[in-house]
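Taking it in order: structure first as structure tokens, then the write-up.
The values are calculated or read from the model by the stated rules, or taken from the named source; none is laboratory data. Source: prediction; values computed, not measured. With ideal geometry, Cβ positions are generated from the backbone for all residues, glycine too; neighbour counts draw on all protein chains shown. These accessible areas exclude ligands, DNA and RNA; they are computed on the full protein's heavy atoms, side chains included. Shrake-Rupley method; radii C 1.70, N 1.55, O 1.52, S 1.80 Å.
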Amino acid sequence: MRLLTSSGVRRLEGASLLTFEVPSLRLESGRYYTGRLAAAVTRSKKARTYYGEAHVVGDIENYIDSSRAEAIRKAQARKRYNGIPGMRLVTRVSRGPKPTVYWCDRQGVTGRIALTEATADERMTWYAEGPEGPEPLWLWLNEMGLPFQPHSWNNVFTTANRRCRAVLDPEPERRLDPHRSRAPYATPHSCRHSFALYMPVILHHLMDQRFGLSPEERRDHRLLYGDPWRMVQDLLGHAFLETTRERYLAPVADLQLRSLLTTAPPFHEGERPARGIDEVFARLAREAEGIQDIDAKLQVAPRADR
């Protein structure tokens with residue numbers, strides 16, 4: 001969920017990542033790390049760059065080293081990888097602007113394919129030879145150590161939503177009334193909507209406040225680097241700017257984001273940047289239908305004296 005929210009990738013795009021397609025944390029500080037999405041797993045069938053926050057990349061690295069490694073170890077001990085049909089052992093991945101994956105199957109047949117042209121189904125057949133035997137290159141694995149199907153992520157979100165509602169909406173009357181519910185509701189695609197809302201606010205903020213640009217400087221900045229809306233369009237992988245505005249930013253279509261940002265309190269030296277725009281997101285949640293403020297939902301109102 002945090003990967004989808006911080007990067008805006010679609011369910012299939014995030015679910016189809018291979019271990020070596022996840023950026024690695026570096027010693028130098030940085031908030032975002034870049035990776036590439038293969039053309040075959042995107043809706044537009046065009047490869048693009050995605051940006052993942054540093055803490056999300058760190059979470060993925062921890063997952064690879066802990067629960068994922070444990071699932072692989074158990075699968076190897078139970079010889080689950082021995083009888084997988086269609087398994088292809090990847091022998092090499094070339095470098096350069098168009099990496100190519102070289103593989104060999106159990107019958108000794110060899111082949112190769114450009115990494116960006118490999119579909120999700122093909123990627124699930126790729127394994128690497130590890131110290132204890134074959135290991136999946138597919139990033140997300142189930143408890144059996146096998147590739148986690150992209151469509152199964154819907155069930156993960158559904159289960160999480162039910163757990164939240166059982167804990168946060170224990171009273172039957174509140175469970176039936178959506179306006180009184182304290183439980184957040186999320187889907188893989190709502191993570192993408194959250195990203196689409198978050199990024200224009202952040203980008204406008206960086207241009208209008210953090211850089212201290214005048215209207216004339218702001219116009220020149222847009223001519224040089226592009227308008228924030230177009231930046232979000234590229235991050236979401238949309239062919240048309242209208243799609244970005246109408247489909248994903250509809251909840252804030254009637255709100256003047258610029259005026260909201262200009263009324264946000266100025267930052268003080270050493271203050272965390274996100275803190276200054278918390279009020280903006282809280283106000284968006286109050287005034288626009290379809291936006292959830294998780295902090296507000298989880299805030300328990302004081303019980304009235306009886």
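Just a few scattered comments:
- Using heavy atoms of the protein chains and a probe of 1.4 Å, the accessible area assigned to V156 is about 60 Å².
- Nonlocal amide H pairs with G8, under 5 Å, H built at 1.01 Å: none
- Sulfur and carbon atoms: percent of accessible area, segment 74-142 [1.4 Å]: 50
- For segment 100-174, GluC sites (Glu not before Pro) are listed when DSSP marks them as loop and at most 13 other Cβ atoms sit within 10 Å of their Cβ; the list is E132, E143.
- Each other residue within a Cβ distance under 15 Å of W126 adds +1 if Lys or Arg and -1 if Asp or Glu, for a net charge of -2.
- For T91, residues with placed amide H under 5 Å, excluding near neighbours: Y102, W103, C104
- Using the Cβ-Cβ distance between L25 and R2 with R0 set to 22 Å, the FRET efficiency works out to roughly 0.90.
- Protection proxy ranking, peptides 55-62, 187-194, average beta carbon neighbours within 10 Å, highest first: 187-194, 55-62
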